[in-house]
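Presented below is the structure to which this report refers.
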Amino acid sequence: MISVHGLHKHFGGFRAVDGASIEIAKGSITGLIGPNGAGKSTLFNVIAGVYQPTSGKVVMDGEDITGLPPHALFHKGLLRTFQIAHEFSSMTVRENLMMVPGGQVGETLWNTWFNRRRIREEDRALAKKADDVLDFLTISHLADEKAGNLSGGQKKLLELGRTMMVDAKIVFLDEVGAGVNRTLLNTIGDAIVRLNKERGYTFCVIEHDMDFIGRLCDPVIVMAEGKVLAEGSAASIMQNEAVIEAYLGTGLKNKVKAEAEAGANA
Amino acid sequence: MDLLNALVTLLNFVVIPAASYGAQLALGALGVTLIYGILRFSNFAHGDTMAFGTAMVILFTWWLQGMGVHLGPLPTALLALPFGIAVTAALVLFTDRAVYRFYRRQKAAPVILVIVSMGVMFIMNGVTRFIIGVEEIRFEDGERFVITAGEFKKMTGLAEGLAFRSTQAITIVTAIIVVAALFWFLNRTRTGKSMRAFSDNEDLALLSGINPERVVAVTWIIAAGLATIAGTLYGLDKAFKAFNYFQLLLPIFASAIVGGLGSPLGAIAGGFLVAFSEVGFTYAWKKVATYVLPDSLAPDSLLQLMSTDYKFAVSFAILIIVLLFKPTGLFQGKSV
């Protein structure tokens with residue numbers, strides 16, 4: 001689906017992404033984990049067209065998409081959400097969703113004045129679709145609420161809903177779970193699994209919550225210091241020495257190990 | 001009777017002139033605020049866009065008059081407006097392609113764009129003067145008055161007259177129509193909503209199906225339309241002189257900032273606030289006071305707070321006061 005080859009993104013002397021190569025298989029929910037500052041979000045931003053890579057290539061379904069602007073990627077079915085949820089705060093939740101699909105009839109000045117009927121029909125269809133999406137996400141009651149008034153978790157759901165307004169092929173979720181309570185996190189997780197199963201979305205998920213990753217993701221890719229450290233099933237990753245060291249540092253690793261052994265001996 | 005006379009004087013010298021001036025400022029400030037909200041910089045070239053647009057309208061007015069076309073009691077300039085807007089829109093779109101787009105792609109800081117817009121301002125300045133000259137030009141035709149002071153006195157038998165010039169009436173009516181159309185556009189149409197979305201959250205708008213170049217182009221077209229309309233109304237009401245539009249930049253920016261940059265409602269409120277203060281502070285209140293106060297208290301002086309030469313100081317003062325107490329403006333725009 002997406003292959004990243006030897007990607008570098010440097011900010012001055014700092015190598016945020018330092019030669020990462022990853023492969024995201026079609027139909028998978030791929031997890032991307034790593035300690036803070038590992039370069040996960042930068043990698044996301046390069047793939048999503050926010051940053052130009054210093055070097056390297058991003059290929060989607062055999063097509064080179066390196067450095068395309070975000071709205072061009074959007075039209076190819078590559079969508080992303082933000083670590084800190086973004087929304088059009090002065091618009092209602094329904095309007096937020098209705099904004100998403102591109103190439104609408106009402107987008108040109110000419111049609112705005114001279115093609116009113118087709119715009120009305122299109123609007124009605126979009127509103128219907130938006131309501132279906134809100135239904136799917138179990139937040140129908142918020143349709144007419146201003147998006148700026150939503151809670152952090154509800155905004156994350158809205159972000160997910162945005163990807164459902166168009167036929168997304170692959171969705172990059174940047175820390176959907178950050179600052180979200182358990183119950184809502186489960187709702188989000190369920191929605192992701194259903195979208196993956198029922199609509200065939202491919203997901204790439206950045207997340208720190210290991211339970212969440214373990215429940216959803218296979219495979220899991222671990223990044224540290226701008227490089228890919230390990231890749232495999234969630235279970236195997238959690239046993240991986242190098243991963244534990246990257247997360248906890250050597251001293252803590254030995255302590256954890258010692259505790260585990262002590263626990264085994266007792 | 002004295003109270004009525006005072007009221008009529010007030011209407012005649014303060015309320016009506018300030019209302020039409022306020023409407024002109026509001027339309028100008030709306031253009032500035034839209035550019036700020038969507039393109040994220042203060043467009044110093046807006047005053048000269050107004051001058052250029054008005055110059056175009058004047059040329060088309062002369063052409064129409066030459067063809068023998070008239071609008072009866074209304075000024076021919078109204079008929080020339082769409083042509084003027086079209087040419088001005090073409091010019092600003094060209095400017096965007098030739099100048100601003102480069103800096104947008106570089107993700108230049110707003111302050112750089114402001115300086116760039118000053119460069120554009122000087123060029124537009126020159127182009128306008130080159131085309132139409134630096135002289136004062138009057139281009140109104142049709143009926144001069146809705147009601148003259150003499151007619152009003154005869155009608156009511158009051159000592160004070162109330163003159164209502166047709167250009168003032170046209171200004172206020174046009175402003176109401178334009179503002180209503182603009183708000184309908186921004187709130188009800190897909191294009192307008194895209195613009196608001198872009199203003200709300202640019203990152204998200206870029207990652208949705210919104211085509212940023214189209215939003216930018218539409219914004220420029222609307223700004224050109226607003227500038228041309230505001231400039232033409234000002235020119236009809238007073239007279240056209242390229243330099244006057246350059247000077248208008250200050251009260252227009254004061255209006256937009258006082259209302260809250262990026263907030264269309266604020267721009268309108270700001271326009272009227274600035275206009276009423278400017279007229280109020282520079283008007284000699286002696287006549288009104290003489291009518292209202294008992295004879296023993298009748299003032300000897302003119303009761304004029306400051307000479308009209310200093311009217312631009314009023315905009316400055318309002319600007320500073322509002323920014324001190326409410327840095328984001330009265331209507332919570334983006335912080336400056």
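Observations
- Backbone geometry of segment A:84-90 corresponds, through the Karplus equation with coefficients 6.51, -1.76 and 1.60 at θ = phi - 60°, to 3J(HN,Hα) couplings of 9, 4, 9, 8, 7, 5, 8 Hz, x marking Gly and Pro.
- Only lysine pairs 8 or more places apart, or on different chains, with alpha-carbon atoms under 30 angstrom apart are counted in chain B, and they number 20.
- With helices as the sole contributors, chain B gives -23000 deg cm²/dmol at 222 nm; each DSSP H run of n ≥ 4 counts as -39500 (n - 2.57), and the sum is divided by every residue.
- In sequence order, segment B:319-326 has phi-based couplings of 4, 5, 4, 5, 5, 5, 9, 9 Hz under the Karplus curve 6.51 cos²θ - 1.76 cosθ + 1.60, θ = phi - 60°, and Gly or Pro positions carry x.
- At q = 0.05, 0.08, 0.09 Å⁻¹, base-10 log of I(q)/I(0) for the protein assembly as shown (Debye sum, equal scatterers on each alpha carbon): -0.32, -0.70, -0.82
- For A:108-115, mean number of other protein chain Cβ atoms within 10 Å: 3
- Only the Cβ atoms of Lys and Arg (+1) and of Asp and Glu (-1) were treated as charged; on that basis the dipole of segment A:89-149 about its Cα centre amounts to roughly 280 debye.
- Charging the Cβ of each Asp and Glu at -1 and of each Lys and Arg at +1, and nothing else, the dipole of chain A about its Cα centre rounds to 500 debye.
- Per-selection metrics, segment B:226-336 (Cα): Rg and Dmax in Å: 16.6, 51
- Radius ratio Rg over Rh of segment A:1-56, counting only Cα atoms, Kirkwood formula for Rh: 0.96
- Look at the stretch B:196-206: the mean tally of other chain Cβ atoms within 10 Å of its residues' Cβ atoms is 6.
- Chain B: angle of helix B:46-66 to the longest principal axis, Cα-based, in degrees nearest 10: 70
- Positive-end ranking of B:81, B:45, B:208 along the dipole of chain B, with charges on Cβ about the Cα centre, is headed by B:208.
- Across segment A:122-132, computed HN-Hα scalar couplings (Karplus, 6.51 cos²θ - 1.76 cosθ + 1.60, θ = phi - 60°) run 5, 4, 5, 4, 5, 4, 4, 4, 4, 5, 4 Hz from first to last residue, x flagging Gly and Pro.
- Taken about its Cα centre, chain B carries a charge dipole of about 960 debye when Lys and Arg each add +1 at the Cβ and Asp and Glu each add -1 at the Cβ.
- Summary of packing: across the peptides B:81-92, B:104-115, the per-residue average of other C-beta atoms within 10 Å ranks them, highest first, as B:81-92, B:104-115.
- Peptides A:31-38, B:12-19 ordered by average Cβ neighbours within 10 Å, highest first: A:31-38, B:12-19
- For chain B, the Kirkwood hydrodynamic radius from C-alpha pairs, put into Stokes-Einstein at 4 °C and a viscosity of 1.567 mPa s, yields a diffusion coefficient of 62 µm² per second.
- Each other residue within a Cβ distance under 15 Å of residue A:115 adds +1 if Lys or Arg and -1 if Asp or Glu, for a net charge of +3.
- Using C-alpha pairs below 8 Å separated by at least 6 residues, the relative contact order for segment A:89-149 is 60 percent.
- Residue B:14/residue B:308 FRET efficiency (R0 22 Å; Cβ-Cβ; nearest 0.05): 0.95
- Under a 5 Å amide H cut-off, with hydrogens placed 1.01 Å from N, residue B:71 pairs with B:76 among residues at least 5 apart or on other chains.
- Residue A:224 long-range amide H proximity, modeled H, under 5 Å: A:229
- According to the calculation over all Cα-Cα pairs in segment A:89-149, the P(r) per 5 Å bin from zero is 4, 19, 23, 22, 16, 10, 4, 1 %.
- Protection-proxy order for peptides A:61-69, B:125-133, each taking the mean of Cβ atoms within 10 Å per residue, highest first: B:125-133, A:61-69
- Under 5 Å, built H, 5+ apart or other chain: amide partners of residue A:56: A:8
- Under 11 Å, Cβ to Cβ, from residue B:96 - net charge with Lys/Arg +1 and Asp/Glu -1: +2
- For the residues of B:210-217, the average number of beta carbons from a partner chain within 10 Å of their own beta carbon is 3.
- Degrees between helix B:212-237 axis and first principal axis of chain B (Cα, 0 to 90, nearest 10): 20
- Cα-based helix-to-principal-axis angle, B:110-132 vs chain B, degrees rounded to 10: 60
- Straight-distance crosslink candidates among lysines, where the alpha carbon sits under 18 Å from residue A:40 and sequence neighbours closer than 8 are dropped: A:9, A:57, A:227
- In chain A, Cα pairs under 8 Å separated by at least six residues give a relative contact order of 26 percent.
Just so you know, all these numbers are worked out from the coordinates, no wet-lab data involved. This one's a predicted model, so the numbers in the text were calculated from it and none came from an experiment. Here the Cβ is made from the backbone with ideal geometry for all residues, glycine too, and neighbour counts use every protein chain on show.
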